[in-house]
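The values are calculated or read from the model by the stated rules, or taken from the named source; none is laboratory data. In this text, all values refer to a predicted model and were calculated from it rather than measured experimentally. We place every Cβ from the backbone using ideal geometry, glycine too, and count neighbours over all the protein chains shown.
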């Protein structure tokens, strides 16, 4: 899969440190819609959809994200109800049951430290 050009999609929120809280920026800045000014519409929805397409081909049925409801900071695509609805839509669209897991921060660290260091290299070399 080629890398999509997502510059149009971010509206500068991911790449502009002034928006994301760089020097002189307000971390609490909100948009007129009441969302954090770093919100990128649909970012997690898009990433999980791409991940599901790849996972489907590899026989993987669990997707894991690094966000959770307790630390979502106002991002609607990080809420559990959003992610579980997305898991249902992905399952219907691929005609295969999928789950989306968002472990708490402490569990994410444990999960990451349990993965062998060369896992990513082996995974990509085998494809």
Residue 107 vs. criteria surrounded by 12 or more Cβ atoms within 10 Å (Cβ to Cβ) and either modelled with pLDDT of 90 or more or out of contact with any strand residue (DSSP E or B) (no Cβ under 8 Å at 6 or more places or on another chain) (or both):
yes
What number of residues within segment 72-81 are surrounded by fewer than 17 Cβ atoms within 10 Å (Cβ to Cβ) and assigned to a helix (DSSP H, G or I)?
3
Just checking, how many residues over segment 70-85 are under 25 Å from residue 96 (Cα atoms) and over 10 Å from the mean Cα position of the chain (by Cα)?
6
